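Asks: My questions all concern the structure below.
The values are calculated or read from the model by the stated rules, or taken from the named source; none is laboratory data. As the structure is a computational prediction, the values presented were derived from the model and not from experiment. Here the Cβ is made from the backbone with ideal geometry for all residues, glycine too, and neighbour counts use every protein chain on show.
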Ligand code: FES
Ligand code: FES
Ligand SMILES: [Fe+2]
């Protein structure tokens, strides 16, 4: 199936907004140039953060068949870079600049069986897939893991709609998911679609590769929003250019360097393409690799990082400092 | 797209008909698709077609994810893969990247569109619309193509016209009298009655000409079965259209008065003209045809003669269709008008228009873009 990434921008009016789980708001938009939204699509939209227009991506949770109403759901991360705060502040009647649906995570029809795996707010990318598969009576299971029931958006609806096709894991009920156990049981012809925190996705990917399952059957989407550590403020230096700047908690290293006037190369800004690569010359602290571009081996070497998502972190009170070279 | 173009409910005579996307179209003859990838534009989408090691036909968009190099110039690798000829990215038969030579991981977005494929009736069929609707049961019935009770063969015409013009041509055979004068034409064609019927997906036009002289093509055929035949024949043409673009025509002649109209065709010869038209662009089509017969199955000579005979006949149509398309394009301010003989073609048009409407597209709209593409308006300075 097609992954289309031709951007068509339009206006969309907020017609509904409500808190549907702890920290998660559902926001329904009416775009002025609606098109059908397939499962796996997302919208990019412009939000204003600290007076600056910034671009954010959100999965389309559900949409009317003609695409006239499109629902997103936004988790207000404790370590928000500002996007989710702005999204939570939206009111009915507000108008946003949004793209028509963009596709990076297409659901293929016709696989013998499917496993959908959602961690936390990652469910937003998975809901439409579950419904589409249920509609065509495909063989699938949705595994949905979260911290607490109250924090799990769409849980009640999905339980009601999917019956025994859904399996729930809730940390505070002591039913935390075992990734090893899950991957071990997967039949070889299963296609997996997952979205969730990077730790979960990394663990699944490792178990998947260890079992020697076909890598192309593990489909996932990342918006580069989560890491192994909570974001910290750190300092980045480029000795050759005499640049030194602080990367605040709510900004990416790429953004901080751009603001410092460095001419940076990038494309996806979500840790997939590797174009924003910087070479690490010196490091006080550690690297929190949040990309999917490098292999484990490369990540362990700490010699390069994708600065659009990855960060420096410190285990002590002294903030991390990273010296880099850029292309 | 749709907001500027109010649907016109009434007209069924579009000069350039858009093609439905939620439909199976023939992409190639089975023998054309091999382990050497080939390129063909189907329904305005360039496709790379190849077979996996175990013989399954695959249709991928003919443009690499990376820099859009045509995958059809690449080579097959492994069990079901194809390698881009430019920087070596390998995709599997679902269009998913399985190897990115210059890095240790695979970008999760790296896919090329893969289209559902069904192999049936000696053809490779593809579905370019919503894959959730790609039901193999919707492949039009062309069973004579590989039924042991029938023998024959055919070819492909690259018709330089909109696919609907070919359908119009086949739905009304009175043109035989004027276009195919030397082979199958005769004046009884435009003089005889015809009966049109339809349902949701099909249209039938039935015409009988009783007690006539057999035109040259049919005289030869009936003598292949009854070498001493002379005299009058009863001739039939029963045109079966199945949406969106398959037309199988039950044709034949029998010795006059031997009961063919009542169902006894034993004193005659019966052929099926199998036609399925695949839009290539809005002004060109791949016209796949074959002539199947249910007598003298053992004779390769007759198979070859019929294929050559029909090639000549269809060559005459091809000239007319191209000239018609050129005249349409040269006269953009003139409309089509209809005759009573167009009834079969008009039902086919109406069924196609309903398919377009079900896809949310008006038949008046600009030609189809495949389901997943969107209007390419690029935002500057995002
Ligand atoms: S811009 Fe693509 S990985 Fe950073
Ligand atoms: S264009 Fe195909 S790998 Fe670069
Ligand atoms: Fe003809």
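Asks: Filter the stretch A:216-247 down to the residues that are part of a helix (DSSP H, G or I) and surrounded by 18 or more Cβ atoms within 10 Å (Cβ to Cβ), then identify the one that is farthest from the other protein chains (Cβ to nearest Cβ).
Replies: Initially, the stretch A:216-247 is screened for residues part of a helix (DSSP H, G or I), giving A:216-217, A:239-241.
Narrowing further to those that are surrounded by 18 or more Cβ atoms within 10 Å (Cβ to Cβ): A:216-217.
Numbers: A:216: 4, A:217: 8 Å.
So, considering only residues that are part of a helix (DSSP H, G or I) and surrounded by 18 or more Cβ atoms within 10 Å (Cβ to Cβ), the one farthest from the other protein chains (Cβ to nearest Cβ) is A:217.
Asks: Name, by its number, the condition in (1) in contact with a strand residue (DSSP E or B) (Cβ under 7 Å, 6 or more places away or on another chain); (2) within 14 Å of another protein chain (Cβ to nearest Cβ); (3) assigned to a helix (DSSP H, G or I) that does not hold for residue A:134.
Replies: So the condition that residue A:134 fails would be (1).
Asks: Here's something else I'd like to know. Among the residues of the stretch B:130-155, count how many are closer than 30 Å to residue B:299 by Cα and either buried (at least 19 other Cβ atoms within 10 Å of the Cβ) or away from ligand 3 (no atom under 16 Å from the Cβ) (or both).
Replies: Our first condition is that a residue be closer than 30 Å to residue B:299 by Cα; within the stretch B:130-155, this holds for B:139-155.
From what's left, either buried (at least 19 other Cβ atoms within 10 Å of the Cβ) or away from ligand 3 (no atom under 16 Å from the Cβ) (or both): B:139-154.
Residues in the stretch B:130-155 being closer than 30 Å to residue B:299 by Cα and either buried (at least 19 other Cβ atoms within 10 Å of the Cβ) or away from ligand 3 (no atom under 16 Å from the Cβ) (or both): 16 in total.
Asks: Then there's this: For residues in the stretch A:263-306 being more than 16 Å from residue A:236 (Cβ to Cβ) and more than 15 Å from ligand 1 (Cβ to nearest atom), which is surrounded by the most Cβ atoms within 10 Å (Cβ to Cβ)?
Replies: Step by step, filter the stretch A:263-306, then rank; the result is A:296.
Asks: May I ask you to list the residues in the stretch A:235-251 that are over 25 Å from residue B:108 (Cβ atoms) and either under 17 Å from the mean Cα position of the chain (by Cα) or within 16 Å of ligand 3 (Cβ to nearest atom) (or both)?
Replies: First, the residues of the stretch A:235-251 that are over 25 Å from residue B:108 (Cβ atoms): A:235-250.
Once the filter is applied, which keeps residues that are over 25 Å from residue B:108 (Cβ atoms) and either under 17 Å from the mean Cα position of the chain (by Cα) or within 16 Å of ligand 3 (Cβ to nearest atom) (or both), the stretch A:235-251 yields only A:250.
Asks: Buried (at least 19 other Cβ atoms within 10 Å of the Cβ), at pLDDT 95 or above, under 19 Å from the mean Cα position of the chain (by Cα) and within 30 Å of residue A:255 (Cβ to Cβ), is that true of residue A:196? Before you say what the answer is, go through the steps one by one.
Replies: Working: buried (at least 19 other Cβ atoms within 10 Å of the Cβ): yes; at pLDDT 95 or above: no; under 19 Å from the mean Cα position of the chain (by Cα): yes; within 30 Å of residue A:255 (Cβ to Cβ): yes.
So residue A:196 does not fit the description; no.
Asks: Go through the stretch A:284-305 and count every residue that is in contact with a strand residue (DSSP E or B) (Cβ under 6 Å, 6 or more places away or on another chain), within 19 Å of residue A:264 (Cβ to Cβ) and without any contact (Cβ under 8 Å) to a residue 60 or more places away in the chain.
Replies: 5
Asks: Quick check on my filter: what residues within the stretch B:77-120 are touching a residue at least 60 places away in the same chain (Cβ under 8 Å) and part of a loop (DSSP other than H, G, I, E, B)? Working first, answer last.
Replies: The first filter runs over the stretch B:77-120 and keeps only residues touching a residue at least 60 places away in the same chain (Cβ under 8 Å), leaving B:113, B:115, B:117-119.
Once the filter is applied, which keeps residues that are touching a residue at least 60 places away in the same chain (Cβ under 8 Å) and part of a loop (DSSP other than H, G, I, E, B), the stretch B:77-120 yields only B:113.
Asks: Then there is this: Based on what the data block shows, is residue B:280 over 19 Å from residue B:147 (Cα atoms), part of a strand (DSSP E or B) and touching a residue at least 24 places away in the same chain (Cβ under 8 Å)?
Replies: Details: over 19 Å from residue B:147 (Cα atoms): yes; part of a strand (DSSP E or B): yes; touching a residue at least 24 places away in the same chain (Cβ under 8 Å): yes.
So residue B:280 passes the test.
Asks: Which residue, of B:24, B:65, is within 16 Å of ligand 1 (Cβ to nearest atom) and surrounded by 19 or more Cβ atoms within 10 Å (Cβ to Cβ)? Full working, then the answer.
Replies: Working: B:24 fails: within 16 Å of ligand 1 (Cβ to nearest atom).
Of the residues listed, the single one that is within 16 Å of ligand 1 (Cβ to nearest atom) and surrounded by 19 or more Cβ atoms within 10 Å (Cβ to Cβ) is B:65.
Asks: Same structure, new question: When you look at residue A:157, is it within 25 Å of residue A:42 (Cβ to Cβ), without any contact (Cβ under 8 Å) to a residue 24 or more places away in the chain, part of a helix (DSSP H, G or I) and over 20 Å from the mean Cα position of the chain (by Cα), yes or no? Write out each step before concluding.
Replies: Numbers: within 25 Å of residue A:42 (Cβ to Cβ): yes; without any contact (Cβ under 8 Å) to a residue 24 or more places away in the chain: yes; part of a helix (DSSP H, G or I): yes; over 20 Å from the mean Cα position of the chain (by Cα): yes.
The answer is yes for residue A:157.
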